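Accompanying notes for the structure given below.
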Amino acid sequence: MDTYKQWLETEKDWIGSYCKKVKVMSVLKVVPATIIILALFFGGLAAVSGDVSVNAVLEGASGGLFIGIFVCLIYIVILFPALSPKRYVKKIDKAVSKAGLDDFYKEQLAREFLEAENNVKKTFSFDMKGPNSKNTPARFVVSENYAMLEGGFPYAIIVKLHDIKEIKASQEKKTAYRRSGNVHTSYFFTLYTIQFYRFDRAQRGLSGKDLPDEAMGFMDKEIRDRAISLLEKNKQEY
């Protein structure tokens, strides 16, 4: 399992740079901005309430300052564990288990993905844009026996290509909801998918409406098509 552990470490380092970037931005920008805004808000609130004395304004600002610190502490307590690289690695390990890979195939997958990660013919990175995605880093990797999409929801999807008889490009209209206070706003978007079938649909008499055995979703058609292109070239190569 040495190669598998090595691969998980590279995955940890890859997502770790993003986690570190968000944490630093939060500490240096979001936290100070929140504290300052709340201090100014409560100081201004004290002034417009009728008591414009310096003491009243300072007391209001001090109250806002402590509220801001309290809010930011809660924000950090929630954010930092969520941005733990180990948490993302556990999700990848869970996806490997879901794919039904034993120790032998785990080593095979790790070896192939380590060889593919710096090969532009095998992998590419992009930002996951769309509802609730927050522009998180994502990438698509294909090797002789496996394909993986990571960065979306679920975080990692792994497909064992030797089990797949047919790959189909499709798209779906989706509805997402955004909440602002007590207001819920719905909006529509298109999800571009790669559908994987373990059996040939034509031989089984399946229609285009039959659900795939595995699927990967992309918010951008060009990115989806690029992934399909890599899958097609990979199939020709092997």
Next item on the list: Name the helices (runs of 4 or more DSSP H) wholly inside segment 23-116 in which the number of residues that are within 24 Å of the chain's Cα centre (by Cα) is 2 or more.
Entry: 54-82, 85-98, 103-116
Check: Mind checking which residues of segment 117-139 are more than 12 Å from the chain's Cα centre (by Cα) and of a type in the set (Phe, Trp, Tyr)?
Finding: PHE124
Check: Given VAL24, VAL52, VAL48, VAL31, which one is surrounded by fewer than 17 Cβ atoms within 10 Å (Cβ to Cβ) and at pLDDT 90 or above?
Finding: VAL24
Check: Hey, GLY68 hits all of (1) in contact (Cβ under 8 Å) with a residue 24 or more places away in the chain; (2) open to solvent by 40 Å² or more (accessible area, probe 1.4 Å) but one; which does it fall short on?
Finding: (2)
Notebook entry, point to check: Which of the residues belonging to segment 1-44 are of a type in the set (A, V, I, L, M) and more than 19 Å from PHE80 (Cβ to Cβ)?
Noted result: MET1, LEU8, ILE36, ILE37, LEU38, ALA39, LEU40
Item checked: Test result for PHE42, of a type in the set (Phe, Trp, Tyr) and open to solvent by less than 80 Å² (accessible area, probe 1.4 Å) -> yes
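Name the single residue that is most open to solvent (accessible area, probe 1.4 Å) among those in segment 87-98 being closer than 16 Å to THR136 by Cα and in contact (Cβ under 8 Å) with a residue 60 or more places away in the chain. Step through it out loud before you land on a result.
Of segment 87-98, the ones closer than 16 Å to THR136 by Cα are 87-89, 91-92.
In the following step, the residues that additionally are in contact (Cβ under 8 Å) with a residue 60 or more places away in the chain were identified as 88-89, 91-92.
Working: TYR88: 31, VAL89: 24, LYS91: 72, ILE92: 2 Å².
That would be LYS91.
The values are calculated or read from the model by the stated rules, or taken from the named source; none is laboratory data. If you're wondering where the values come from, they're calculated on a predicted model, not measured in any experiment. Virtual Cβ from ideal backbone geometry, glycine too; neighbours counted across all protein chains shown. Ligands, DNA and RNA are excluded from the accessible area calculation, which covers all protein heavy atoms including side chains. Shrake-Rupley method; radii C 1.70, N 1.55, O 1.52, S 1.80 Å.
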